[in-house]
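See structure below.
The values are calculated or read from the model by the stated rules, or taken from the named source; none is laboratory data. Since the structure is predicted, the reported quantities are computational estimates derived from the model, not experimental observations. Cβ atoms come from the backbone with ideal geometry, glycine included; neighbour counts cover every protein chain shown. Only protein heavy atoms, including side chains, enter the accessible area calculation; ligands, DNA and RNA are left aside. Shrake-Rupley method; radii C 1.70, N 1.55, O 1.52, S 1.80 Å.
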Amino acid sequence: MIYADNAATTKLDIDAFEAMKPFFLENYANASQPYSFARSAKKALRDARTSIAKCIGALPEEIYFTSGGSEADNWAIRGLAEMQAKKGKRHIVTTKFEHHAVLHTVERLQREGFEATFLDVHENGIVRIEEVAAALREDTALVTIMYANNEIGTIQPIAEIGALCRARGIPFHTDAVQAAGHVPVDVKAEQIDLLSLSGHKLHAPKGVGALYCRKGLRFPNLIDGGAQERGRRAGTENVAGIVALGKAASLMREGMEERMRYVASLRDRLIDGALKIERSRLNGDREKRLPGNASFCFEGVEGESLLLLLDFQGISGSSGSACTSGSLDPSHVLLSIGLPHEIAHGSLRLTLDENHTVEDVDYILEKLPPVIDRLREMSPLWERIKNGEIKC
């Protein structure tokens, strides 16, 4: 099997797995306890916090552990909104193609009386800095714009957005779930106030993540109770998961440039080959994208059928975000870059990592064209599309 859906989740790194095992079987003490048996767990939490901080250019005390990216997004956005509303600021700026953990949180805040501006991301899948600037108001409470899109992989102008927000005194949050560990991220240089990341996107386990919160930024608790996470998120820590996240973050930071070059070379080989297929298109900017992300649309093809036939060939891909894979509606991300429903339904996202080979990519390129041909032969619309009777 060729697993090409790393944007949905990644394989647990063997070294991260080995690092976490002792905290299930040997050093299983509650890290909040005062006795010596708990000290190794307490130290492990400190070490993991330091590793994650180094991965994004933060301080260890600015890292708060969560259950994953969605929790971190909710905490960041609702927390900032709560604090800013006390100052009479109830306007939020975001984009139309955010992850649903962001979009649904903002929509809920709208129902609670906040206003929101959803910025266009245009055909190339990149927000324009001048449109971010134009959207800012005196009552803007926060800006939340993702670092890299989870479906089409486009990387946003984060440093420019951060500088703009810092100059206006507006807190800036970015969902970096797809970016952290895969591309260089520096929260200080890019002037990011809050950042969300998730373990299972960077070869750590599912169920663990982190929120970076800039030191000095006033921010409410997520869960009240015990003193864990400096009193901001009560509950016994998932020590084993956190240790694995710290180890995975450290491994991803090491050799990042070389890994990026290798994975990007595979991605480009895949893109070049797939675009030879008649009436195919790459979604999003060709250059400003994650190293492993290749997102396509094929006219006259239905995405779910394409995934099933590829699965029969031993290839695992996606038609969009794993969080909405049960929906028959076209991707909101693809609609946001201007694709009509007819084309958006024929999407395929293939996401590679350092474990793939040239042979894997060539196998995909061998099997993909005949699968598309078969689906088009069965489509009552394909001949009409090809003859120009139906405009897609």
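Relative contact order for the stretch 156-205: what percent, with Cα pairs under 8 Å and sequence separation of 6 or more? Could you put the intermediate results ahead of the total?
Values: 49 pairs, mean separation 20.6, N = 50.
Relative contact order for the stretch 156-205 comes out at 41 percent.
Could you go through the stretch 194-206 in sequence order and give the Karplus-derived ³J(HN,Hα) for each residue, using 6.51 cos²θ - 1.76 cosθ + 1.60 with θ = phi - 60°, rounded to whole Hz, and x for Gly and Pro?
Here the 3J(HN,Hα) series is 9, 9, 9, 9, 9, x, 6, 8, 9, 6, 10, x, 6 Hz.
Give me the percent relative contact order of the chain, please, defined on Cα pairs under 8 angstrom at least 6 residues apart.
Values: 761 pairs, mean separation 84.5, N = 392.
Reported as a whole number, the value is 22 percent.
Compute the angle between helix 303-312 and the longest alpha-carbon principal axis of the chain, please, reported from 0 to 90 degrees and rounded to the nearest 10.
Tilt of helix 303-312: around 90 degrees.
Taking the Cβ of residue 44 as the center, what net charge do the other residues with Cβ under 14 Å away carry, scoring Lys and Arg +1 and Asp and Glu -1? Kindly include the intermediate steps, with their values, before the conclusion.
Details: positive: 21, 39, 42, 43, 46, 49, 247; negative: 18, 26, 47, 237.
Every neighbour counted, the sum reads +3.
Once neighbouring chains are kept in place and the probe is 1.4 Å, which whole percent of the accessible area of the chain is contributed by carbon and sulfur?
Numbers: 8420 of 16780 Å².
So the carbon and sulfur contribution to the accessible surface is 50 percent.
Using the structure shown, select from 276/386; 11/42; 21/42; 247/288; 21/247 the pairs with a Cα to Cα distance greater than 21 angstrom. If you can, show how the numbers build up before the last one.
On the way: 276/386 16 Å; 11/42 27 Å; 21/42 16 Å; 247/288 28 Å; 21/247 12 Å.
Correct reply: 11/42; 247/288.
For a Förster distance of 35 Å, can you work out the FRET efficiency between the beta-carbons of residue 276 and residue 335, rounded to the nearest 0.05?
Working: r = 26 Å, r/R0 = 0.75.
The calculated FRET efficiency here is 0.85.
How much accessible area does residue 168 have with a 1.4 Å probe, in Å² rounded to the nearest 10?
Estimated to the nearest 10 Å², residue 168 gives 110 Å².
Evaluate the charge dipole of the stretch 187-269 about its Cα centre and quote only its size in Debye, nearest 20, assuming +1 on the Cβ of each Lys and Arg and -1 on the Cβ of each Asp and Glu.
80
Just add up the charged neighbours of residue 169: K/R +1, D/E -1, any other residue whose Cβ is under 14 Å from the Cβ of residue 169.
Values: positive: 87, 89, 137, 166, 168, 214, 218; negative: 138, 139, 193.
Net of charged neighbours comes to +4.
What does the net charge come to around residue 104 if you take all other residues with beta carbon closer than 10 Å to its beta carbon, with K and R at +1 and D and E at -1? Intermediate results must be reported in sequence, preceding the final value.
Details: positive: 108; negative: 73, 98, 107.
Local net charge: -2.
Report for the chain the percent antiparallel among DSSP-assigned beta bridges with both residues inside it, nearest 5.
On the way: 20 of 38 bridges.
Among the beta bridges of the chain, antiparallel pairing accounts for roughly 55 percent.
Kindly write out, for the stretch 126-137 in residue order, the coupling ³J(HN,Hα) from the Karplus curve 6.51 cos²θ - 1.76 cosθ + 1.60 (θ = phi - 60°), rounded to whole Hz, with x marking Gly and Pro.
My calculation for the stretch 126-137 gives 10, 6, 9, 4, 5, 6, 5, 4, 5, 7, 6, 10 Hz in order.
Would you rank 362, 175 by solvent-accessible area, highest first, keeping every protein chain in place and using a 1.4 Å probe?
On the way: 362 60, 175 10 Å².
Of 362, 175, the descending order of accessible area is 362, 175.
Leaving out ligands and nucleic acids, note down the accessible area per residue over the stretch 137-218 with a 1.4 angstrom probe, in whole Å².
Heavy-atom accessible area per residue stands at 28 Å².
Give, rounded to the nearest 20 debye, the magnitude of the charge dipole that the chain has about its Cα centre when Lys and Arg contribute +1 at Cβ and Asp and Glu contribute -1 at Cβ. Please report the intermediate quantities before stating the final value.
Working: 48 positive and 54 negative charges, 294 e Å.
Roughly 1420 debye for the chain.
Answer with one residue from 60, 357, 251: the one whose Cα lies farthest towards the positive end of the charge dipole of the chain, charges on Cβ with Lys, Arg +1 and Asp, Glu -1.
Result: 60.
Ignoring everything but the protein chains, give the 1.4 Å probe accessible area of residue 265 in square angstrom, nearest 10.
60
So for the stretch 247-348, averaging the separation of alpha carbon pairs under 8 Å that are six or more residues apart and normalising by length, what relative contact order in percent results?
Rounded, it is 27 percent for the stretch 247-348.
Over the chain, with a Gaussian network built from C-alpha contacts below 10 Å, which listed residue (351, 117, 140) shows the highest mean-square fluctuation?
117
Toward the positive end of the charge dipole of the chain, about the Cα centre and with charges on Cβ (Lys, Arg +1; Asp, Glu -1), which of 22, 117, 146 goes farthest?
22
Using 1/(1 + (r/R0)^6) with R0 = 51 angstrom and r between the beta carbons of residue 30 and residue 123, what's the FRET efficiency to the nearest 0.05? Show your work: numbers first, answer last.
On the way: r = 52 Å, r/R0 = 1.02.
Working from the Cβ atoms, E equals 0.45.
Sort 17, 97, 114 from largest to smallest accessible area, using a 1.4 Å probe on the heavy atoms of the protein chains.
Values: 17 85, 97 0, 114 20 Å².
Order by accessible area, largest first: 17, 114, 97.
Using a cut-off of 22 Å between alpha-carbon atoms, which lysines can reach residue 86, once sequence neighbours fewer than 8 places away in the same chain are excluded?
Leaving aside lysines fewer than 8 places away in the same chain, those within reach of residue 86 are 215.
Which of 216, 181, 273 ends up with the largest GNM mean-square fluctuation for the chain, with Cα atoms connected below 10 Å?
Comparing 216, 181, 273 in a Gaussian network model of the chain, the most mobile one is 216.
How far is helix 256-274 tilted off the main Cα axis of the chain, in degrees rounded to 10, range 0 to 90?
Roughly 20 degrees, rounded to the nearest 10.
For helix 39-56, report the angle its Cα long axis makes with the longest principal axis of the Cα atoms of the chain; keep it between 0 and 90° and round to the nearest 10°.
Between helix and principal axis, roughly 50 degrees.
I'm checking a number: the convex hull volume of the Cα atoms of the chain, normalised per residue, in Å³. What is it?
Details: hull volume 54.5 nm³, N = 392.
So the per-residue hull volume is 139 Å³.
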